[in-house]
Structures are given as C-alpha cells and as structure tokens.
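Peer 1: Submitted below is the structure of interest, expressed as structure tokens.
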Amino acid sequence: MILIGYTSKGASMSQGIIIQNVYHFLFFLVMCYAWIISKRQVPGIGYWTLNLFLYTIGLILQMVFVQTGLQFSRIIANLMLFSGGLSFYIGFANYTARPVHWKICYVLIFSMIISSLTEIVLSLPLEIFIIINAIYFLVIIALYHTVFIPNFSGWFGSLMVILSVIYTILAGTQIYRIITTLDNIIHGNPSTNGFDLTGYTITAIVNRLMLFTVNFIVLLLVYKKLLHDLQTQVDSQKTLSLHLKNLAEHDELTTLYNRRTIEQLISLYLPKKHDSAIAYLFMLDIDYFKDLNDAYGHQCGDVVLQHTAQGLSSLLEEQDLLGRWGGDEFLLLVIRREKNQITPLLQGMKNMMRNICKLYPNTQGCSLSGGFTLLTTNDTLDSAIQRADALLYQAKEAGRNRIIGNLTGDTE
C-alpha cells in the first residue's frame, strides 16, 4: 500500500494531499478498530494499521513542505511513506505465514536515508530523487510478489491474484515515470519541482485509484480471515461433537456399540417390526474367559474380545446390529428374509471362535456359547433379552461351546 509521493507548491497539489490525508486517516481509524477487535485472530493486521498511520503522517509532512518549502519535512515524509510500504509487506508476510526478508528491509531503509541526505547535501535535481524513489518502489513491489505469488492457491488466493495484478500495474506506472523523467532530462527539459513531468499526473491518478482498491482488499482479507477462523472453529466443534458422540455410543475396546446404545437401537426397531420380518435377538458369551485372563493376562483377554468383535462383525449384514453388552457378552440383532439363512451364521460364529481359541492352548478353551430367540411384534426389549439370556444359560448348562435357539437348536 505504498505510494512514494512528491511535493509541489501548487494549490492543486495541496488540495490533492488533503483529500488523500482525509481518506487515509478515515481508513486508519477503521483499521484501528479492526486491529483492536481481531489482533489475535488476524496475523499482520498490526503492521497494516501501522502502514496507514505512517502513510497519513507522510502525507501531513508532504503538506507541510507544500506550504513551507521545508526540505527536511519532504525527506521525512518520503521515509514515512517508504516505511509504510515495508510495514505493509511485513503484514502480508505474517498474514500468509511467509518468511520476512528482514535484511533486504534494513538495507532499503538505510539506502533510502542515505539517498535523501545526499539529495540535500549535493542539491541534486528533484528528477533524480523521483527516479530513485521509483526504483525503491519497484523493489518493494518485488517483495510483495514474494508473498502474493506463492499464495495464489490458498483460501485467500483470489485476493492475492488481484493484489498481484494491482501492484504489477503500479510497477508499470513507476517504470513509465522513470522513462518520462529520463526523457525530460535527456532532452534538456528538467523541471524545477518534479511535477511538470508528462508521466507524473497520469501515474499519480492510477496510483491513487489502485491504492484505494488495495485498502478495501485488506479489509476483505481481515473479513475472510475472521470468517475462515469461524468456519474452522465450527468444523472443529462438529468434529469434537462427533468424536464425543462416538465415545458415548461405542465401546472403547471393541469399537462396537456399547450396552446403552445397542439397547436403544433394538428398542427403536421393535415397534417398527412387521409381522413378515424375520428377526432374531442373540445373547453370546465367551466360555472360560476368566481362565484365559488368568493364564495369559488381561491384555490377552482384551485381544480376544477385539478379535471376537471383528469376527462377529464380518459375519453380519448391513441391517444387523451388534454391541458389547458387558464383560465378555455380546448382544446381536439379526434380520433375515428366510429362516434358513440363520444356519450359515451360526456355523460361521462357531468356526470363527474356534480359530481364535487355537491361539491359546493352555486353557480349557475360549469357545462361544449363546442363545437366540425369534422376535415377535409383541416383544419388548426386556422380554426378548430375558428369553435369549435363558437360552444362553441352557447352553452353558449343556456343556458350553454351543448356541441354542428356538429355531435351530444345538449347533454342535
């Protein structure tokens, strides 16, 4: 947001500076407010605010020179404008998390001071100073592009593209200013105040229009950053909510539904069950699970529970429900179109558990016992669980390693 200014004693120039000053001061107040409310959320906004402050001071000092002719005020004015441009660059580097080229900034400030003092001491024509300032401007634009170009694809990429175009146009105005100034010098028509140059008026108008646009883009960047952070926060809250919901509904060890959730889901299904629907409630229990824990340790018992959960899940279809009911017990809701479709499932459960138990030979066995009952439209969750649990008890009493139901009986 840098505009290297030059001064004249013309009334029109004084009016132009006053208009610029009022505009930038108002924008400075807006940015101060934005900085106060969002300095923690928007990196670089402090440097953007400082840029407008330095720019406003620079324009005031330019007006002092217009009214008094004091050379020192003109030099300080240009240093303020130049420093504001560097502050603008640093703000963008912070905003986009790009590294700041501090050494280049220090060299530019030092060389700017030296060139300004040289102009006064040697009484160089103002055209020389105009050319030097334009070169400085081009260097700063190059710094800007080290920030803009790498961020064309970011969530603020479109605004970076616009800024890159604007400052490329401004670079063109400075090149045009250099060319027209050199042309005046070469043809022996140097001006006494720097404002009779052909290219200055055009470039000044273009600069002001472009920088007016830049100010609004900066506000858009502040708005987009706040909006982006808000969306990120909302997404984080949604992710956290889903995570907490998942923790509340699932068993941490097996990742199956926990007891409360599986009971709720089955309770929701029962009133919707049609007379023609074939649904079974299974209550399964790992045999001799305590012996397995004693022989191999509780970590081994956890692994068996995990493998059993994975094995049961692999046997079920999409419409079925499976949960860890407690300890080494599992509760299943199995829905099929035909009653004979339950037989392969029973055999699959037995084979699955047999393969798991082969890994632990130093126990009586960790086979699977269970009971299942056909659900009716009059069933409640309690009545269905009571029947399935009674059948599980019968399987245990009959010697374990079996699943007893009101349809298939003993599966041994």
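Peer 1: Quote the relative contact order of segment 280-365 in percent (integer), defining contacts as alpha-carbon pairs under 8 Å separated by 6+ residues.
Peer 2: This gives 42 percent for segment 280-365.
Peer 1: Under a crude label model (7 Å from the Cα following the beta-carbon direction), how far is residue 138 from residue 121 in nanometres?
Peer 2: 2.6 nm
Peer 1: Quick one: grab the alpha carbon gyration tensor of segment 239-314, order the square roots of its eigenvalues as a ≥ b ≥ c, and give me rounded if a/c is under 1.5, else prolate or oblate depending on whether a/b is larger than b/c.
Peer 2: Oblate, since a/c reaches 1.5 and b/c is not below a/b.
Peer 1: Going by average Cβ neighbours within 10 Å, how do the peptides 98-111, 371-384, 310-323 rank, with the highest at the top?
Peer 2: 371-384, 310-323, 98-111
Peer 1: Kindly express, to the nearest 10 degrees and within the range 0 to 90, the angle between helix 45-68's C-alpha long axis and the longest C-alpha principal axis of the chain.
Peer 2: Helix 45-68 sits roughly 10 degrees off the main axis of the chain.
Peer 1: Taking the Cα atoms only, what angle lies between the long axis of helix 342-357 and the longest principal axis of the chain, rounded to 10 degrees?
Peer 2: 80 degrees
Peer 1: Residues of segment 215-314: accessible area per residue at 1.4 Å, in Å²?
Peer 2: So segment 215-314 comes to 57 Å² accessible per residue, rounded to a whole number.
Peer 1: Given a 1.4 Å probe and every protein chain left where it sits, what share in percent of the accessible area of segment 129-170 is carbon and sulfur?
Peer 2: So the carbon and sulfur contribution to the accessible surface is 79 percent.
Peer 1: Right, another one. Kindly flag which residue pairs out of 39/245; 103/224; 339/396; 358/396; 39/238; 39/103 have an alpha-carbon separation exceeding 29 Å in this structure.
Peer 2: Violating the 29 Å limit, Cα to Cα: 39/245; 103/224.
Peer 1: Suppose only helical runs count, i.e. DSSP H with n ≥ 4. What mean residue ellipticity at 222 nm does that imply for the chain under -39500 (n - 2.57) per run, divided by all residues and rounded to the nearest 500 deg cm²/dmol?
Peer 2: -23000 deg cm²/dmol
Peer 1: If you consider only alpha-carbon coordinates, what radius of gyration and Dmax does the chain have, in Å?
Peer 2: In order Rg, Dmax, the Cα atoms of the chain give 39.6, 118 Å.
Peer 1: State, as an integer percentage, the relative contact order of the chain based on alpha-carbon contacts under 8 Å between residues 6 or more apart.
Peer 2: 12 percent
Peer 1: Calculate one ³J(HN,Hα) per residue across segment 77-88 by plugging θ = phi - 60° into the Karplus curve 6.51 cos²θ - 1.76 cosθ + 1.60, and present them in order as whole Hz with x for glycine and proline.
Peer 2: Those phi angles translate into 4, 5, 5, 5, 5, 5, 5, x, x, 5, 4, 4 Hz.
Peer 1: Compute the angle between helix 259-269 and the longest alpha-carbon principal axis of the chain, please, reported from 0 to 90 degrees and rounded to the nearest 10.
Peer 2: Computed tilt is about 80 degrees.
The values are calculated or read from the model by the stated rules, or taken from the named source; none is laboratory data. Nothing here was measured: the structure is a model prediction, and the numbers come from that model. No Cβ is skipped: glycine too gets one built from the backbone with ideal geometry, and neighbour counts run over all protein chains shown. When the accessible area is computed, the model is the full protein with side chains, heavy atoms only, and any ligands, DNA or RNA have been set aside. Shrake-Rupley method; radii C 1.70, N 1.55, O 1.52, S 1.80 Å.
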